[in-house]
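In what follows, a structure is listed as C-alpha cells, so that the remarks can point back to it.
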Amino acid sequence: MIQNREKFLEKIATSLNRPFSPTQKPVRNWQHKPEEKKLSHLSIDELMSAFVEQCGRLNNTNVVEVSSGDVKKAVDEAVKQHGGESVALWNDERFRALGLDELYENEWADEGLRVHVWDSNLSRTENFERTNDSNIGIVFAEYALAESGTVVLYSAEGQGKAVGLLPNAFIAIVKKSTLRPRITQAVKEMEREFVEAGKTLPAAVDFVSGPSNSADIEMDLVVGVHGPIYATYIVVSDQ
Amino acid sequence: MAIKYNDNAFKDNVNTNLERDFMRGAVTSAQNRLHGGRLKAVDELGDWEEWRKHGEEIRQHVLDNLDYYLYELSENVEKAGGHVFFAQTPEEANAYIQSVVQKQQATRVLKSKSMVTEEISLNEALEEIGCTVLETDLGEYILQLDDHDKPSHIVAPSVHKNRFQIKEVFVKKLGYPEDGSADAKDLARFVRTILRDDYMQAEVGITGCNFAIADSGSISLVTNEGNAGLVTTIPKTQIAVMGMERIVPSLEEMEVLVNMLTRSAVGQKLTSYVNVITGPKRAEDVDGPEEFHLVILDNGRSDILAGEFKSVLQCIRCAACVNVCPVYRHIGGHSYNSIYSGPIGAVLTPLLAGYDDFKELPYASSLCGACTDACPVKIPLHELLLKHRQVIVEKEGRAPVSEGLMMKGFSVGASNSTLFNVGTKIAAAVMKPLSKDQMISKGVGPLKDWTDIRDFPIVEREKLRDWFDKREKKGGK
Amino acid sequence: MKVSLFATCLVDTFQTNVGKATVELLERLGCEIEFPRSQVCCGQPAYNSGYVEKAKEPMRKMIDTFLDAEVIVTPSGSCATMFKEYPHVFKDDPAYAEKAQIVADKTYELTDFIVNVLKVEDVGATFNHKITYHPSCHMTRLLGVKDAPFTLLNNVKGLEFIPLPYSYNCCGFGGTFSVKMGNISEQMVDEKVDSAIETEAEYLVGADGGCLMNIGGRMHRRGEKIKTIHIAEILNQQA
C-alpha cells in the first residue's frame, strides 16, 4: 500500500517550479565516472593480492586461497581454528558441490561438534536459537571485492541472514572467479541481473567486510560489539 | 527528542560546554584521530576531486528530479511487497508508525541509529503507547543508558564521552565490574553479551535509511556494528524512516555515495556492513521481516528545496564537516542545542526549526572553510552560513541595532576615500593613549570585545599612504 | 611590471611595516609600485557579517580604483579572496559584473604573485631565526595558495623551519567572529598559541594581517616570548 503520495510529490514538484509528471524518467548524464577506473585494470591474480592485502588491514580477518579439491580441508581447519564446538551453516547446494556435506553430515558430528543446517521446515525462532548457540557460521558469498575486502551475501530460503551475524566467527566461501575489483562491478552486475531483467533483488543483499566493529568509544575501531568477532574467507580457485 | 535540546541561550550553552574538560578532551582527540584517517582514505582514491564532483552531480540530479525518484521508489517498494507512507510532518509519521506497531500488538522495539527518528521524537511516541525502545548502535545505547543523554555528533553520538565515563555508565547501569577494564574492546564485548537477548526478543525493528534506491525499491543501511543487519533480520516487522532527500536512482549511485560516506566519516573503504534491503522477506525465506514499511518524511524539506539553501539537501550525513570544524572542536555538539551539530547543523537547524531559537548558529563559525573543503558532495557550507547571516540581517531584520548602525557607518566611511583616510587616522590616534609597549590591552567601544581576550598590536604609527606620500616627494624609487 | 598595491585597511593603518616590506621587496624584484590613494576597505567585515548590500558600496569603490591596474597585489590572502568574490557578489549587477571579473582576474596574493607570476623562488633573503608557519584559512582553502609561502621560506638563508602542529585549524580570527563569539575565539587562538609554543620557534610567520593580529595579540596578552611576523617582512630581510 502507498499512502499520501500524490499530495506529497506535488508539493515537491511545486518547489521545483514545475508540474508533477511521474512518467518522464530523468536522463542521467554523468560528467564524471571515477569509480570505473579504480583497480579495473588488474588481472585476477593482482586482484587476489589486493584482496588479501586489504583483508590484512581489517580487524581479525583471515583469507585462505585453495583449489576446489582442498576446500573441505580448509573449511575443517578454519572451524578448528575458530574453536570448533558448534557450527551453523546455510542449506546450500554449493557446499555439497564442494564435498562439504561429508563434514556437516558425518565427520563433525562424529567428532562431537554440534551442527545446525539452516532449515526452512523449522520455525524462525528455532533457527535463530540454534544459530545463536553456534560458535561458527558458514555462508557462501556471491562476490568478493578486492578493494574493500568485502564478501557479498544474498538471502534466500536456505540462506538465513542470521548465520553470518549471530555466531562468534563466520566463514565465507567464495569462488575466485567472482572476485571483482570493487563494489562498482558487483552492483553493475546486480542491476543487469535483477533490475533490468524486471526481477526483484533478494530481500537482503549484504556487503560484509570483516567482523562486526564499533568506533563509538573514542573513535577507536574495535571488534565484536554485536555480530561476529572473527572472519575467515576461503577463496576457491575454480579457474 | 525533536530537534531542540533545551531553552538556554546559545552563549550559555557554549559557556557550560567550554567548562566540560572531559568532553573537550574526547572531542579533540577524536578529531585528531579522524583527521589523518579521512585524508588517507580519500587520497588513496587518487582523484578525490573527481569523486567529489561526481558525488555532487549525483546529489544535484536527485534533488532536481526528486518527485520522479520518490515515485519510482514507492512503486518498486510496493512491487517487492512493502508499504510506503509519505508523511508531511513528524506527527503524521509517528501516528503511522504507532499504528503499525499497535496492529502487531508489539511492545519490544529495536532500533538501529537514525537521525531522522530523533528529528521526529519517535522513541517518545513509541514509549507513549507502552513500547520499550532499545537503541542498538553502541553510541546511542550508551546515551540511552546514561539517563537519555543527548547525541552530540551525527555519526558518533557519544563522542563527548571518554571511555572512563562510558565504563562508569556501565558500572552504574549494567553492573559492569568496578575494577573492569576501560578498554574500548572490552566495553564493546560486554555490550555484546547484554544485547543479544534483547535482539532475540524483539518484535519490531526500526531503522533509518542511508540511501533509498529508486529503481530497485531498496533501502541501504551503512554500519560498522552490524546492528542494522540484526535489526532487519530478527524482528517480524520492519519500519524504515527516511528524510525524503535520501535517495539515489540506482545501486550504481548508491555505491559511489556509500564509498564517499564511509571514507569521509571514518576513513574506511567500506564499513563492515552495508545492508541493502528490498521489501519484506520472500515467502520461502525463513528470516527477515514479514512486513516492511517505509516512511518518507518531508518536515520542511520541500521548502528548503525551493529556496537558496537547496544545496544543503545534498548532505549524505558523513559528518566530515563536523570532524574538521575548529569551532565544534572546542564547544562540542551539545552547544548547538540541536540533534544536528557542527557546520551542517548550523546550516540545517535554522532551516528546519527556525531562526527564533537558532539565529546564533550561523555566526558560530570563523568562515574558515574547512567544512566546505571536507564535504564529499561539495556543499558550500561556509557560504550557506554566510547566506544565513545575510537573511538574518537583510530579510529578517534580526541583527542588533548597534551592529546595524556600525555597518551603516562602515558603508559610508569605507566607501569614501577621504572619510576612510581620516577615519582610519582617527582610529590610530584614538588608540594611542591607550597603548603601552605599542600594545593596547584595555580597549573601549568596539575594541573592548577584542581586548577582553587579546592585546591590540600597533606596530607603526605612520600610515602607509603617508609614508608613500613622503617617499614620492623625496623622489624615492 | 607595474604593480598596484592593494594594501588592506590593517596594513594601511596599523601594520605599515608590512606594507613597506611588501613595497621594498617587490621593487627589489624589479616591479614598479603604485599606491592608488582612493583605495578603501574591500568590504569584507560587512560582507561576512551578512550586510551584503552595505558592503557593496566600498566594493564598487575598490573596483573603480583598481579597474585599470596592470596587476593588483596584496599582502593578505583573505583580502585577495574578497576581491576574487566580487564577480559572485556583482553577478546580477550589469554595471559592475564585468568590471568585477576584470579586477578579480588580475588580483594576486603576494607570495603567489612572486612565485607564479614573477617566477621567483629565491628572493635572496636572510633570516637567522627559528620559525613556524600558520597557513591562513582563506588563503589556503578559498584562494588555493598553499605552496608558495613554503617555496619562498625554503630559500631564505639561515632560517630554520619547524612545522606547526594542527596547522590546518583556524586561529579563531574570522573577522567579526573574533569579537562576536569571543568566548569561542579565545579557545581557538589559545590552542594555536600553544601549538606555536610547542615548536619552540622564535617567530610564528603568517601571510595574513588579521590572523597575525589575533595570534600575536593573544601571545602578548599571555606574556609569551614567541612573536608573530608577516612573511613579507622576512622576505625583505637581507644579510
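Quick one: count up the residues across region A:1-43 that are touching a residue at least 40 places away in the same chain (Cβ under 8 Å) and in contact with a strand residue (DSSP E or B) (Cβ under 7 Å, 6 or more places away or on another chain). Give the derivation first.
To start, the set of residues in region A:1-43 that are touching a residue at least 40 places away in the same chain (Cβ under 8 Å) comprises A:35-36, A:38-40, A:42.
Narrowing further to those that are in contact with a strand residue (DSSP E or B) (Cβ under 7 Å, 6 or more places away or on another chain): none.
Matching residues across region A:1-43 total 0.
Please give the number of the condition B:L261 fails out of (1) at the interface with chain A (Cβ under 9 Å from one of its Cβ atoms); (2) crowded, with 24+ Cβ neighbours inside 10 Å.
Here B:L261 clears every test but (1).
Whether any residue in region B:147-163 is part of a helix (DSSP H, G or I), assigned by TED's automatic domain parsing to the domain that holds B:S218 and of a type in the set (A, V, I, L, M, F, W, C) is what I want to check.
no
Any idea which of (1) touching a residue at least 60 places away in the same chain (Cβ under 8 Å); (2) in contact with a Gly (Cβ under 6 Å, 6 or more places away or on another chain); (3) under 18 Å from C:V71 (Cα atoms); (4) of a type in the set (A, V, I, L, M, F, W, C) is the one C:M59 doesn't satisfy?
(1)
Do we find that A:A141 is at pLDDT 95 or above and more than 8 Å from chain B (Cβ to nearest Cβ) in this structure?
The answer is yes for A:A141.
Can you pull out the residues in region B:283-325 that are without any contact (Cβ under 8 Å) to a residue 24 or more places away in the chain and in a loop (DSSP other than H, G, I, E, B)?
B:A283, B:E284, B:D285, B:V286, B:G307
Residue by residue through region B:80-99, note down the ones that are assigned to a helix (DSSP H, G or I) and either surrounded by 22 or more Cβ atoms within 10 Å (Cβ to Cβ) or at the interface with chain A (Cβ under 7 Å from one of its Cβ atoms) (or both).
Answer for region B:80-99, where residues must be assigned to a helix (DSSP H, G or I) and either surrounded by 22 or more Cβ atoms within 10 Å (Cβ to Cβ) or at the interface with chain A (Cβ under 7 Å from one of its Cβ atoms) (or both): B:A93, B:N94, B:I97.
Might you let me know whether region C:17-39 holds any residue that is closer than 18 Å to B:S411 by Cα and crowded, with 24+ Cβ neighbours inside 10 Å?
yes
Which residues, counting only those in region B:129-146, are part of a helix (DSSP H, G or I) and touching a residue at least 12 places away in the same chain (Cβ under 8 Å)?
Passing the criteria: B:L138, B:G139, B:E140, B:Y141, B:I142, B:L143, B:L145.
Of the residues that make up region B:78-91, is at least one without any contact (Cβ under 8 Å) to a residue 40 or more places away in the chain and assigned by TED's automatic domain parsing to the domain that holds B:I194?
yes
Please determine, by comparing only the residues of region C:150-181 that are small (G, A, S) and surrounded by 17 or more Cβ atoms within 10 Å (Cβ to Cβ), which one is farthest from the chain's Cα centre (by Cα).
Keep residues of region C:150-181 that are small (G, A, S), which gives C:158, C:167, C:172, C:174-175, C:178.
Right, trim to surrounded by 17 or more Cβ atoms within 10 Å (Cβ to Cβ) and you get C:172, C:174-175, C:178.
Values: C:G172: 15, C:G174: 13, C:G175: 13, C:S178: 17 Å.
Result: C:S178.
Which pairs turn up if I take residues in region B:48-63 that are without any contact (Cβ under 8 Å) to a residue 60 or more places away in the chain and look for partners that are assigned to a helix (DSSP H, G or I) and crowded, with 19+ Cβ neighbours inside 10 Å with beta carbon separation below 8 Å, at least 6 apart in sequence or on another chain?
B:W48/B:V42; B:E50/A:P34
What is the one condition in (1) in contact (Cβ under 8 Å) with a residue 40 or more places away in the chain; (2) crowded, with 19+ Cβ neighbours inside 10 Å that B:R108 does not satisfy?
(2)
Quick one: which residue in C:E53, C:E57 is more than 27 Å from B:P457 (Cβ to Cβ) and touching a Ser or Thr at 6+ places or on another chain (Cβ under 8 Å)?
C:E57
If you go through region A:113-138, how many residues are more than 8 Å from chain B (Cβ to nearest Cβ), part of a helix (DSSP H, G or I) and of a type in the set (K, R)?
Qualifying residue count, region A:113-138: 1.
Here are some residues: A:K199, A:K161. Which one is farther than 22 Å from A:K38 by Cβ, among the basic types (K, R) and buried (at least 23 other Cβ atoms within 10 Å of the Cβ)?
The conditions single out A:K161.
How many of the residues in region B:230-258 are touching a residue at least 24 places away in the same chain (Cβ under 8 Å) and either over 30 Å from B:D197 (Cβ atoms) or not assigned by TED's automatic domain parsing to the domain that holds B:R108 (or both)?
14
Where residues in region B:326-342 are hydrophobic (A, V, I, L, M, F, W, C) and in contact (Cβ under 8 Å) with a residue 60 or more places away in the chain, which of them is surrounded by the fewest Cβ atoms within 10 Å (Cβ to Cβ)? Walk me through how you get there before you give the answer.
Initial filter on region B:326-342 (hydrophobic (A, V, I, L, M, F, W, C)): B:327, B:331, B:339.
From the residues that got through so far, the ones that are in contact (Cβ under 8 Å) with a residue 60 or more places away in the chain too are B:331, B:339.
On the way: B:I331: 28, B:I339: 26.
The qualifying residue surrounded by the fewest Cβ atoms within 10 Å (Cβ to Cβ) is B:I339.
Looking at B:E284, is it modelled with pLDDT of 95 or more, surrounded by fewer than 24 Cβ atoms within 10 Å (Cβ to Cβ) and within 7 Å of another protein chain (Cβ to nearest Cβ)?
yes
Among the listed residues A:G198, A:G164, identify the single one that is more than 7 Å from chain B (Cβ to nearest Cβ) and at positive phi.
The conditions single out A:G198.
Going by the structure shown, is B:Y176 more than 12 Å from chain A (Cβ to nearest Cβ), among the aromatic types (F, W, Y) and either in contact with a Leu (Cβ under 9 Å, 6 or more places away or on another chain) or part of a helix (DSSP H, G or I) (or both)?
Answer is yes for this residue.
Would you be able to say whether some residue in region B:215-231 is farther than 23 Å from A:T131 by Cα, over 22 Å from the mean Cα position of the chain (by Cα), within 7 Å of another protein chain (Cβ to nearest Cβ) and of a type in the set (S, T, Y)?
Within region B:215-231 (the criterion being farther than 23 Å from A:T131 by Cα, over 22 Å from the mean Cα position of the chain (by Cα), within 7 Å of another protein chain (Cβ to nearest Cβ) and of a type in the set (S, T, Y)), the answer is yes, since at least one residue qualifies.
Can you go through B:K269, B:K281 and tell me which one is of a type in the set (D, E, K, R) and more than 30 Å from the chain's Cα centre (by Cα)?
B:K281
If I filter region B:3-25 for residues that are within 9 Å of chain A (Cβ to nearest Cβ) and buried (at least 18 other Cβ atoms within 10 Å of the Cβ), do I get at least one hit? Steps first, answer last, please.
Pass one, region B:3-25, residues within 9 Å of chain A (Cβ to nearest Cβ): none.
Scanning region B:3-25, I find no residue that is within 9 Å of chain A (Cβ to nearest Cβ) and buried (at least 18 other Cβ atoms within 10 Å of the Cβ), so the answer is no.
Identify all residues within region B:316-326 that are away from chain A (no Cβ under 14 Å) and in contact with a Cys (Cβ under 8 Å, 6 or more places away or on another chain); write none if there are none.
The answer is B:C321, B:C325, B:P326.
Do we find that B:M200 is facing chain A (nearest Cβ under 10 Å) and not polar (S, T, N, Q) in this structure?
When the stated conditions are applied, B:M200 passes them.
Looking at region B:186-217 only, could you name the residues that are in contact with a Leu (Cβ under 6 Å, 6 or more places away or on another chain) and among the hydroxyl-bearing types (S, T, Y)?
If the condition is that a residue be in contact with a Leu (Cβ under 6 Å, 6 or more places away or on another chain) and among the hydroxyl-bearing types (S, T, Y), then B:Y199, B:T207, B:S216 are the ones that fit.
Of the numbered conditions (1) more than 9 Å from chain C (Cβ to nearest Cβ); (2) modelled with pLDDT of 75 or more; (3) touching a strand residue (DSSP E or B) at 6+ places or on another chain (Cβ under 6 Å), B:D455 fails exactly one; give the number of that condition.
(1)
Given the structure, is A:P181 under 22 Å from B:S220 (Cα atoms), touching a strand residue (DSSP E or B) at 6+ places or on another chain (Cβ under 9 Å) and within 10 Å of chain B (Cβ to nearest Cβ)?
Against the criterion (under 22 Å from B:S220 (Cα atoms), touching a strand residue (DSSP E or B) at 6+ places or on another chain (Cβ under 9 Å) and within 10 Å of chain B (Cβ to nearest Cβ)), A:P181 does not qualify.
The values are calculated or read from the model by the stated rules, or taken from the named source; none is laboratory data. Bear in mind that the values here come from a model prediction, so they are computed numbers and not experimental data. Cβ coordinates were reconstructed from backbone atoms using ideal geometry, including for glycine residues, and neighbour counts include every protein chain displayed.
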